[in-house]
Amino acid sequence: MLATPTIRPASAADAFAVALLVRRLLEIVLPPERLTPLATLEQTAARLLAEGAIVAYLAEAGGAPVGLVTLTEFHAIFARGVMGEICEIYVEPTWRSSGLGERLVATARDHGQARGWSRIELTAPMAGSAGAERAWAFYRRLGFADIGPRLMLPL
């Protein structure tokens, strides 16, 4: 492995790197026919980052993107106000078990604490899906608690 990756805030100028890592994450969890084209992901990342609708932290090693966490902020009564969500988190396979994922979660936690969030939530892979057991063990080790399933209504 190269030197320890650096983690920095991503900007709209980093849209391609952000989109590339999100695409690699989606390739793990979605069948090929449901994958969003990379160009569409790049356009979306550029727009959301430019608008400040999401915050992204990019991990780089040797000038290459190797990890990513994206965050969004919202409000809920049950959360006593403002909270955050990890929308995407991804670490390249060669960097897994290196502590990079834990550093990305710590970066998200630091960001949330600075913003006054009461909690951070994320959606973990469904049981039985590729990598689910490892992902759940990772999140639980970092202090995440199982709060139940999430559902989606496409619009």
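The values are calculated or read from the model by the stated rules, or taken from the named source; none is laboratory data. Source: prediction; values computed, not measured. Please note: Cβ atoms are built from the backbone with ideal geometry, for glycine as well, and neighbour counts cover all protein chains shown. These area figures cover heavy atoms from the full protein model, side chains too; ligands, DNA and RNA do not enter into them. Shrake-Rupley method; radii C 1.70, N 1.55, O 1.52, S 1.80 Å.
Details
- Peptides 128-137, 36-45 ordered by average Cβ neighbours within 10 Å, highest first: 36-45, 128-137
- Here the spin labels are modelled as points 7 Å beyond Cα on the Cα-Cβ line, and at Ala137 and Gln113 they lie 2.7 nm apart.
- Val66 long-range amide H proximity, modeled H, under 5 Å: Ala59, Glu60, Ala61
- Sequence ranges 52-58, 143-149, ranked by mean other-Cβ count within 10 angstrom, highest first: 52-58, 143-149
- DSSP beta bridge pairing in the chain, given as percent antiparallel to the nearest 5: 90 percent
- Cα→Cβ-extended label distance, 7 Å offset, between Val29 and Phe78, nm: 1.9 nm
- Protein heavy-atom surface of the chain, 1.4 angstrom probe: 58% of the accessible area is carbon and sulfur, with nucleic acids and ligands not counted.
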